[in-house]
Amino acid sequence: MDVGIVETLLLAVGLALDASAVTISARASGQTSGFRAGWRLAFHFGLFQGLMPVAGWLLGYSFASFVTAYDHWIAFSLLTLIGVNMVRSGLRPQDESPPLDPSKGWTLVLLSLATSIDAFAVGLSLAMLEVAVWGPAVIIGLVTMGLSTAAYWLGARLGAAFGHRLGILGGLVLIGLGLETLMRHFQG
């Protein structure tokens, strides 16, 4: 069984929205700047979004009940932790606030993981449906990378217009994404 290209593209866009929101927030708040930071964000988000469905597919549905029992709590915790740090950074006066650069180190890895947990669940679903994962995984990764690149550009424009305090909004967006993950889980 194969998934059609339209369905795959819609799925990819849906999965990429979290990463794109994080990218806009990071750039608009002034926590990242320059081509390299944008490339790191887009590359890592695309890489994780592309690899997580493969990981979920490889594990198959034998571990699905264990993973789905905790995935929402993991995503919520990671997004909230980073979001709270962004809000705190945005509340400090600009000259006092050494920006937490989400395009580097463990912060980048944690954000990449947190925004791609849904892609892992998609991989589990594809395994249960006996659908090949390789094509959708590549498309999901490339779409995420492209949308994150566009989001970085948009974030630069917003940051120029609104300043570093936009980090507060960015942090609240991350916390909101974490809460939305929990609400989706509990609503079934």
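The values are calculated or read from the model by the stated rules, or taken from the named source; none is laboratory data. Quick caveat: nothing in here was measured; it's all calculated off a predicted structure. Glycine gets a Cβ as well: all are built from the backbone with ideal geometry, and neighbour counts include every protein chain shown.
Only one entry of 38, 46 meets the criterion of being modelled with pLDDT of 85 or more and farther than 19 Å from residue 139 by Cα, and that entry is 38. The number of residues in the stretch 49-78 that are at pLDDT 75 or above and either within 20 Å of residue 132 (Cβ to Cβ) or not in a helix (DSSP H, G or I) (or both) comes to 12. For the subset of the stretch 116-136 comprising residues that are among the β-branched types (Val, Ile, Thr) and farther than 17 Å from residue 19 by Cα, which member is surrounded by the most Cβ atoms within 10 Å (Cβ to Cβ)? Across the stretch 116-136, the extreme among qualifying residues is 133. Considering only residues of the stretch 1-35 that are among the charged types (D, E, K, R) and either part of a loop (DSSP other than H, G, I, E, B) or over 29 Å from residue 85 (Cβ atoms) (or both), which is modelled with the highest pLDDT? Of everything passing the filter in the stretch 1-35, 7 is modelled with the highest pLDDT. A single member of 147, 158, 126, 81 is modelled with pLDDT of 85 or more and not in a loop (DSSP other than H, G, I, E, B), and it is 147. Only residues that are within 15 Å of residue 100 (Cα to Cα) and of a type in the set (D, E, K, R) were counted in the stretch 1-39, giving 1.
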